[in-house]
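**Student:** One structure, pasted below without further comment.
The values are calculated or read from the model by the stated rules, or taken from the named source; none is laboratory data. Since this is a predicted model, take the numbers as computed values, not measurements. Cβ sites come from the backbone with ideal geometry, for glycine too, and all protein chains shown count toward neighbours. Heavy atoms of the whole protein, side chains included, go into the accessibility calculation; ligands, DNA and RNA do not. Shrake-Rupley method; radii C 1.70, N 1.55, O 1.52, S 1.80 Å.
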Amino acid sequence: MNFGFSEEQEMLRESARKFLEAQCPTSSVRKMMEDEVGHSDELWKKLAEMGWLGLLVPQKLGGMGGSFLDATVILEEMGKALFPGPFLSSVLFGAVAVAGGGTTAQKKEILPSVADGSRILTVACGEDPRRDEADVRLEAKRRRGEFVLCGEKRFVLEASVADWIIVAARTARVKGDPRRGITLFLVERGAPGLSIAPLPTVDKTRRQANVSFDGVSVPAKRMLGRLGEGWPILARSLEVATTAISVETVGVAQRALELAVEYARERTQFGKPIGSFQAVKHKCVDMMVAVENARSLAYYAAWAVEERHRDCAKAVAMAKAYTSEMGKSVTAEAIQIHGGIGFTWEHDIHLYYRRALANEATFGAAPLHREAVARQLNL
């Protein structure tokens, strides 16, 4: 594999950095934290104008036709900026599912509107944060030419602002194989029987909600993929989204490290910068090593996902397991370096810790992914 990004991708990274510095400073992030839904229509339109919302959408459907590696450089910069809103849930989760499993008509209907920012997608996977096949329990019962959904989905990303929710449901139970019998459905916002209850979250820049289905009727034409064969579509979308959040976490930790180093250079005690003391400077070095290790794992996972490499599942799990704990520990150490000021609301460093905590739990915490790697080792 080529361990470097292309010249065009590095230019995209620089463009993303400049755009986010101008359009998404932490002052704007704080405003979104106080906003009822944590989403800015104005900023979203600007992302559409940049082409980011259609990054993975084919050109013939109004997108850029880019690669996941293109998205990787943007995601890392988004992590540094603590970008708020549904970019992850719509562009790197929902749109990937539609592109991978939708009919030609469904793709033509939905993907152009995702690319131009007029519609937002999300995916309702399981009933617990695990997001695996055994976690899909909501039932869909066939009734004439439609399906009726009854149950609840928990921890659904950005459900409060989504126009379409891709729902994983059980249409059959196959003994010994929980991957079979899962079907995906496109449920439109405002459908009778659909209710969304926002959840309090530690990181208010990325919202979650519980979504209830009280006899929600879905026409058969809104089935995404074939009956009972939705898991491969969902699994691919989860690989992309899980890797995306790992890459973003690298960006979060990188910025926290930068803030810690800047503070260690400026803050003086006993007439010297605190960064000159061994306890502080060695801590910064350990943080840097952890971030670089995480970056290597996340980049490899991104490459494996893009290439659909045979090691893809293992690479994604290793990246998520490591970045989850790295992000939490590095941002916590950054707060420690800042001392008392790091614990105040006025300082930005705690915002990075919040995002790291949220990313740790999203798409499964480290123990879940360690188990996935252990299975690859036949343990």
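**Student:** Which cross-chain or sequence-distant (5 or more) residues have an amide H under 5 Å from the amide H of Gly117, H modelled 1.01 Å from N in plane?
**Tutor:** Amide H to amide H, under 5 Å and 5 or more residues apart or across chains, Gly117 pairs with nothing.
**Student:** Averaged per residue, what accessible area in Å² does the range 1-131 show with a 1.4 Å probe, protein chains only?
**Tutor:** Solvent-accessible surface per residue comes out at 42 Å².
**Student:** Now, a different point. Using the Cα centre of the chain as the reference point, and only Cβ charges (+1 on K/R, -1 on D/E), how large is the resulting charge dipole? Debye, rounded to the nearest 20.
**Tutor:** Dipole about the Cα centre, nearest 20: 1140 debye.
**Student:** In the range 254-309, with Lys and Arg counted as +1 and Asp and Glu as -1 at Cβ, which of these residues, Ile274, Leu257, Met287, has the Cα nearest the positive end of the dipole, that is, farthest along it?
**Tutor:** Value: Ile274.
**Student:** Still on this structure, I have one more. Over 23 Å between C-alpha atoms is what I'm after, so list which of Lys18/Lys45; Lys80/Lys320; Lys108/Lys314; Lys45/Lys80 land there.
**Tutor:** Exceeds cut-off: Lys108/Lys314.
**Student:** Okay, next question. Considering only DSSP states other than H, G, I, E and B, which chymotrypsin sites (Phe, Trp or Tyr not before Pro) in the range 295-339 qualify as loop sites with at most 16 other Cβ atoms within 10 Å?
**Tutor:** none
**Student:** Could you pull out every residue, at least 5 positions away or on a different chain, whose amide H is within less than 5 Å of the one on Asp203? Hs are placed 1.01 Å off N in the peptide plane, and Pro or chain starts have none.
**Tutor:** Long-range HN contacts for Asp203: none found.
**Student:** Only sites in a loop by DSSP and with at most 14 other Cβ atoms within 10 Å count here; which chymotrypsin sites (Phe, Trp or Tyr not before Pro) in the range 331-360 make the cut?
**Tutor:** Those satisfying the criteria are Trp345.
**Student:** Also, I was wondering about something else. Let me know the charge dipole size of the range 199-345 about its Cα centre in debye, to the nearest 20, where only the beta-carbon of Lys, Arg (+1) and Asp, Glu (-1) is charged.
**Tutor:** Its charge dipole is roughly 180 debye.
**Student:** May I ask you to order 219-232, 36-49 by the average number of other C-beta atoms within 10 Å around their residues, highest value first?
**Tutor:** Packing proxy ranking, top to bottom: 219-232, 36-49.
**Student:** Something else now. Return the calculated 222 nm mean residue ellipticity for the chain, to the nearest 500 deg cm²/dmol, obtained by summing -39500 (n - 2.57) across DSSP H runs with n ≥ 4 and dividing by the residue count.
**Tutor:** -16500 deg cm²/dmol
**Student:** Shifting gears a bit: DSSP loop trypsin sites (Lys or Arg not before Pro) in the range 289-374 with at most 13 other Cβ atoms within 10 Å of their Cβ, which ones?
**Tutor:** Those that pass, being in a loop and sparsely packed, are Arg308, Arg310.
**Student:** Right, something else. In terms of modelled amide H atoms, which long-range or inter-chain residues lie less than 5 Å from the amide H of Phe147?
**Tutor:** Correct list: Val218, Ala220.
**Student:** Also, I was wondering about something else. Of the beta bridges DSSP finds with both residues in the chain, what % are antiparallel, to the nearest 5?
**Tutor:** Counting only bridges with both partners in the chain, antiparallel ones make up about 85 percent.
**Student:** Now for a different question. Show me 180-188, 139-147, 238-246 ranked by packing, highest mean number of other Cβ atoms within 10 Å first.
**Tutor:** Final packing ranking: 238-246, 180-188, 139-147.
**Student:** What are the ³J(HN,Hα) couplings of the range 197-209, residue after residue, when phi is run through the Karplus curve with 6.51, -1.76, 1.60 and θ = phi - 60°? Round to Hz, x for glycine and proline.
**Tutor:** 3J(HN,Hα) across the range 197-209, in whole Hz: 10, x, 10, x, 10, 5, 10, 7, 8, 9, 9, 10, 7.
**Student:** Moving on. Taking K and R as +1 and D and E as -1, what net charge do the other residues with C-beta under 12 Å from the C-beta of Ala197 add up to?
**Tutor:** +2
**Student:** Okay, next question. Once neighbouring chains are kept in place and the probe is 1.4 Å, which whole percent of the accessible area of the chain is contributed by carbon and sulfur?
**Tutor:** Using a 1.4 Å probe with all protein chains present, the chain comes out at 51 percent carbon and sulfur.
**Student:** Would you mind working out the accessible area per residue for the range 244-379, using a 1.4 Å probe, and quoting it in Å²?
**Tutor:** For the range 244-379, the solvent-accessible area averages 48 Å² per residue.
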